[in-house]
Amino acid sequence: MELSEYALKNTEITSSVLSLIKKARPNWVASVSSGAINAKSGSGLETDFASNPYGYLKRVEEEMLDSVCRDTASNLSVGRLWGASGLFMPINRAYALSDFIIQALETGSIHISSNHPVFRRYSKADEFLRILEKTATQDQRTLFDSGGPKVEIQELAELVAQKTKAKIRPRIMRPELASDVYFPISDQYESLARQSGVQISSLEELVSAAITSHTR
C-alpha cells in the first residue's frame, strides 16, 4: 500500500487501543514494540517517516501509549522485540532463521547469500512475553529491548543444518565489508529475566523450537 495509506491504517489501530485504555483505565498495559524504532543511521530513535515508516510509527505509538497511560494512571511496560524464535512464529523468508529452515526442509541445503558478517540476537517469543507481563504488573514504568544469544549467521545456518541433516553451500566472504548488525547491546533483558524468574533459552533451544514450528 502507499505510505499515506499505511500510516492511516497504523494510526487507526493505535487510536483504537488508546481509546480502549482511556475507557477501561486498566491497572497495567503491556505493549510489544520493535528494534526498528532505532534509526538506521545509528543516531537515536527514528525521525524519518519516509525511510523507515514502520520504525517511525512505532516510536509515535510508544509516545502516545506513554501519554495515555500517565493520564489513566496505568502502569506501562514496553518491550522492543528485535529477533524472535519459538513455536507459532511466522514463516517468512525475509528473516535469516526462517529462511534457513525453509531451505533445509525443502531442498536439503542452505545457501547464505550475504558475503559480509551478519550478527543477530534471538529471544524465544514466550519468554519475551512472560518478561513483558511480569514487568507490566510491577509498580514501575519499564522499557526494554529483547536479548538472547548473539550469533553470526554462519553459526546459525550450521545449527539448522545439524538438526535437519541439510548441507551448507560454500559461502564467499568479504570481511572488508561492513557488518550487518541488528541487535541490542544492552544486557537489561537478561537482568529482567532473572528478576522475573524466566530462564532464557540457549541458541540451540531457540533453533530447535523454530524448526518444530515450521514442520508443524
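The values are calculated or read from the model by the stated rules, or taken from the named source; none is laboratory data. Keep in mind the model is a prediction, meaning the values are calculated, not measured. Using ideal geometry, Cβ is built from the backbone for each residue, glycine included, and neighbour counts are taken over all protein chains shown. We work out accessible area using only protein heavy atoms, side chains counted, and drop any ligands, DNA or RNA first. Shrake-Rupley method; radii C 1.70, N 1.55, O 1.52, S 1.80 Å.
Listing for the model above:
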| quantity | calculated |
| --- | --- |
| Segment 28-85: radius of gyration and largest Cα-Cα distance (Dmax), Å | 12.3, 35 |
| Aspartates and glutamates whose Cα lies under 14 Å from that of Lys22, excluding same-chain neighbours fewer than 8 positions away | Asp66, Asp71 |
| Simple Cβ-charge dipole of segment 128-216, Lys/Arg +1 and Asp/Glu -1, about Cα centre, in debye nearest 20 | 440 debye |
| Correct option for Rg and Dmax of the Cα atoms in Å [calculated from the coordinates] among [x] 20.4, 67; [y] 20.0, 70; [z] 18.9, 57 | [z] |
| More than 16 Å apart - percent of Cα-Cα pairs taken over segment 68-176 | 66 percent |
| Top positive-direction residue, dipole computed over segment 105-216 with Cβ charges, set Ala210, Val160, Pro170 | Pro170 |
| Lys, Arg +1 and Asp, Glu -1 on Cβ, resulting dipole of segment 31-133 about Cα centre, debye, nearest 20 | 300 debye |
| Angle between the chain longest axis and helix 53-71 axis [Cα atoms, degrees, rounded to 10] | 30 degrees |
| Degrees, to the nearest 10: 125-136 long Cα axis against longest axis of the chain | 20 degrees |
| Signed unit charges on C-beta, dipole axis of segment 1-58, positive-most listed residue Tyr6, Ala36, Leu18 | Leu18 |
| Leu143-Asp66 pseudo-label distance in nm [points 7 Å out on the Cα-to-Cβ vector] | 0.3 nm |
| Within straight-line cross-link reach of Lys163, aspartates and glutamates at Cα separation under 20 Å, skipping those fewer than 8 residues along the same chain | Asp99, Glu106, Glu152, Glu155, Glu204, Glu205 |
| Per residue accessible area of the chain, 1.4 Å probe, in Å² | 55 Å² |
| Of all accessible heavy-atom area on segment 29-159, the percent that carbon and sulfur account for (1.4 Å) | 52 percent |
